[in-house]
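The values are calculated or read from the model by the stated rules, or taken from the named source; none is laboratory data. Quick caveat, the model's predicted, so the values are computed rather than measured. Here the Cβ positions follow ideal geometry from the backbone for every residue, glycine too, while neighbour counts run over all protein chains shown. The protein model used for the area step is the full one, side chains on, heavy atoms only, and it has no ligands, DNA or RNA in it. Shrake-Rupley method; radii C 1.70, N 1.55, O 1.52, S 1.80 Å.
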Amino acid sequence: MKFLLEVTMDDAALAKDPAGELGRILRYWGGNLRHYALRPGDGAAIHDSEYREVGRWHVADQTE
């Protein structure tokens, strides 16, 4: 399996403070992952501090 996290950094809050926003995203999702089984197909949208969707994370089979 693979855990994939993709974040677009070219606008909104991520463009203003990329390190701060990425740190917040990683802390939030790191703490939130306990609510998921973490099996292939699990995933969710990722939002910045202004609640704009900026990416996704998901668990994939090794073949993806």
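Observations, loosely collected:
- Output for the stretch 47-64, where each listed residue is touching an Asp or Glu at 6+ places or on another chain (Cβ under 9 Å), in a strand (DSSP E or B) and either under 12 Å from K2 (Cβ atoms) or among the small types (G, A, S) (or both): G55, W57, H58, V59
The rows are residues; the columns are (1) out of contact with any Pro (no Cβ under 6 Å at 6 or more places or on another chain); (2) at negative phi.
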site: I25; (1), (2): yes, yes
site: R34; (1), (2): yes, yes
site: G41; (1), (2): yes, no
site: V54; (1), (2): yes, yes
site: V59; (1), (2): no, yes
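- Options A37, A19, A44; residue that is assigned to a strand (DSSP E or B) and not charged (D, E, K, R): A44
- Test: residue in the stretch 8-16 that is farther than 11 Å from H58 by Cα, part of a helix (DSSP H, G or I) and under 15 Å from the mean Cα position of the chain (by Cα): yes
- Hits in the stretch 25-64 (condition: under 10 Å from the mean Cα position of the chain (by Cα) and open to solvent by less than 70 Å² (accessible area, probe 1.4 Å)): I25, W29, G30, G43, A44, A45, I46, D48, V54, G55, W57, H58
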